[in-house]
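Report on the structure given below.
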């Protein structure tokens, strides 16, 4: 309705169209046209509070009207003609239906050949949905949406506005529309016949968050072939997807069952490498969890596929005595912000986008169809930033460290008093207050962190208090890497001259989890043809290094050739060379983010910008830097390679990661 008024205003007051009339006549014209437009758009003005009092016919008419209005504003984006993509999907669906057990390699080869034949030159295209969708398609979509919603046990807890935004939409974003709702509505009906407990929304939600979500594999070979955002048909054919595709696939299933499933996403982790992560929420809930997350590395406050650094049931806890001094385990990926992708554009976001200088807007962060739902997931803090005198910036940001530069994750407009207020930000995350000009991030203050108890810790260089630093890693030790060390604890190194180990000798025992390279002394001990690490545990032993050495006549260490053999969860080695063995080096599988001998590093500290504290080559498993300013944040960069690096503070002789 507002768009019609703006159009009328433009025509009436634009000099190109302006006519000379008396004030009374002009007033009459205005009232007449306003009344005309009010009648014109009234069919789509829905009172969301009285939908329960309408008949099904009225509800269907209103839902269909909403859908038609939405359709006129939506577009499909792809890199091939839509008809070619649709024909490709139909062909692939038929092929897979005829041969559901077709080997993946054959399916990939077939899809690739068909795409080359049907798609032609890759070129970005946008097509209005009104050119792709028929009235009968919209009517069927509205009919099944209402039917699933009304049949559900949660019908009375989902109002019409939530229904229109998170159940009714005929697609999720900008994908090619397909007939997903028909097949999934029938699938849901059969599912609840087999499992009546799934009539309950919590049970249904958990079912799809595990079964449906994980039905897609992360080994992606097909997704690059399809030249548009994945729709239901393609996800079913490919069976592939990371978190974003898995969320979409889950949302299709839930919405077809009448559940208001949402796409909620994290713009950047607070303590891990750059990656947008997504999660499926429920729109009618005020809180997504009974127990809010705290970003405090509590292994008992983890949610798989949201904040857990590893699947919770595989998480291995270590006692403090087992962890090397100066190191701690990170079992949680911290969250600074969570946003929800909405179907309709939000007035607030449109206001920010239209009311801010374009060179200050981070379009990767600020979207017209987003709302902030951080408080539904996290125990939050807040922060206010006051800009300096004569600072002309309109927008302020909170940015997270990334090796490619600071990445904005939160934004706020400066008010008339020059204050930007950031509400609902994740605690225990280091933020940099900043502004943006073109592609440049401009610091507006010192990095800071809101602690668990709500206090603000500010980080800045203290040159009057220099410290010496002993550094052992360039990236936090996450649980998914640390867990590989645990099965080695208690392992016995055994030797035998028979591969069957019918007779063997115990040579040494690994007494603690080897977080670093472990040297096992074999000098003076009997030489064998076969060696193995024996454990009664059920976990496989994965190694980064399992190397045998001898000392030659020049007192130099020489590696001995060996063949590694895996039998079950045990690790065997066969030695070919007849010689004495001096020692064995064992290092479990790891992320290679320890300080590694021979690699070159450079330490930086923050003083309004990154300042180098010098380069060093590692001659052991640690680096020592002396006379470094205290109180700030630091970044240890590996010059020899690697992409995983994080900032840290140095507290009580220990690297604390952010």
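Quick notes on this one:
- Tabulated pairs, the range 47-73, first farther than 14 Å from residue 145 by Cα and assigned by TED's automatic domain parsing to the domain that holds residue 126, second surrounded by 10 or more Cβ atoms within 10 Å (Cβ to Cβ) and modelled with pLDDT under 90, C-beta under 6 angstrom, 6+ apart or interchain: 69/44
Table: residues versus (1) in the same structural domain as residue 524 (by TED's automatic domain parsing); (2) more than 16 Å from residue 498 (Cα to Cα); (3) over 35 Å from the mean Cα position of the chain (by Cα).
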position: 552; (1), (2), (3): yes, yes, yes
position: 555; (1), (2), (3): yes, yes, yes
position: 561; (1), (2), (3): yes, yes, yes
position: 569; (1), (2), (3): yes, yes, no
position: 574; (1), (2), (3): yes, no, yes
position: 578; (1), (2), (3): yes, no, yes
position: 583; (1), (2), (3): yes, yes, yes
position: 599; (1), (2), (3): no, yes, no
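- The one condition from (1) modelled with pLDDT under 95; (2) under 30 Å from residue 286 (Cα atoms) that residue 481 does not meet is (2).
- Scanning the range 112-158 for residues that are assigned to a loop (DSSP other than H, G, I, E, B) and within 16 Å of residue 179 (Cβ to Cβ) yields 132, 133, 134.
- Of all positions in the range 435-445, at least one carries a residue that is more than 21 Å from residue 272 (Cβ to Cβ), at pLDDT 95 or above and surrounded by 21 or more Cβ atoms within 10 Å (Cβ to Cβ).
- Any chance residue 433 is in contact with a helix residue (DSSP H, G or I) (Cβ under 7 Å, 6 or more places away or on another chain) and not in a helix (DSSP H, G or I): no
- Scope the range 559-569; condition surrounded by 13 or more Cβ atoms within 10 Å (Cβ to Cβ) and in contact with a strand residue (DSSP E or B) (Cβ under 6 Å, 6 or more places away or on another chain); matching residues: 560, 562, 565
- Residue check, residue 424 on the phi > 0 side of the Ramachandran plot, assigned by TED's automatic domain parsing to the domain that holds residue 451 and buried (at least 16 other Cβ atoms within 10 Å of the Cβ): yes
- Considering residues of the range 74-104 that are modelled with pLDDT of 95 or more and more than 20 Å from residue 118 (Cα to Cα) only, the residue surrounded by the fewest Cβ atoms within 10 Å (Cβ to Cβ): 75
- Selection of the range 194-219 for residues being surrounded by 14 or more Cβ atoms within 10 Å (Cβ to Cβ), out of contact with any helix residue (DSSP H, G or I) (no Cβ under 8 Å at 6 or more places or on another chain) and in a loop (DSSP other than H, G, I, E, B) yields only 200.
- Remark: residue 236 matches the filter, which requires a residue to be buried (at least 19 other Cβ atoms within 10 Å of the Cβ), in a helix (DSSP H, G or I), on the phi < 0 side of the Ramachandran plot and in the same structural domain as residue 149 (by TED's automatic domain parsing).
- Any hit, the range 85-99, residues being under 30 Å from residue 168 (Cβ atoms), in contact with a strand residue (DSSP E or B) (Cβ under 7 Å, 6 or more places away or on another chain), in a helix (DSSP H, G or I) and in contact (Cβ under 8 Å) with a residue 40 or more places away in the chain: yes
- Subset tally (residues that are touching a helix residue (DSSP H, G or I) at 6+ places or on another chain (Cβ under 7 Å) and in a strand (DSSP E or B)) for the range 436-455: 2
- Qualifying positions in the range 620-650 - at pLDDT 95 or above and at positive phi: 627, 631
- Any hit, the range 170-180, residues being at pLDDT 95 or above, in the same structural domain as residue 88 (by TED's automatic domain parsing) and assigned to a helix (DSSP H, G or I): yes
- Just one residue in the set 607, 591 is buried (at least 17 other Cβ atoms within 10 Å of the Cβ) and in contact (Cβ under 8 Å) with a residue 60 or more places away in the chain; that residue is 591.
- Filtered residues of the range 380-391 (kept if modelled with pLDDT of 95 or more and either part of a loop (DSSP other than H, G, I, E, B) or out of contact with any helix residue (DSSP H, G or I) (no Cβ under 7 Å at 6 or more places or on another chain) (or both)): 381, 382, 383, 384, 385, 386
- Hey, residue 199 farther than 30 Å from residue 449 by Cα and touching a strand residue (DSSP E or B) at 6+ places or on another chain (Cβ under 7 Å) or not: no
The values are calculated or read from the model by the stated rules, or taken from the named source; none is laboratory data. What you see is a predicted model, and the numbers here were worked out from it, not measured in a lab. Ideal geometry is used to build each Cβ from the backbone, glycine not excepted, and the neighbour counts take in all protein chains shown.
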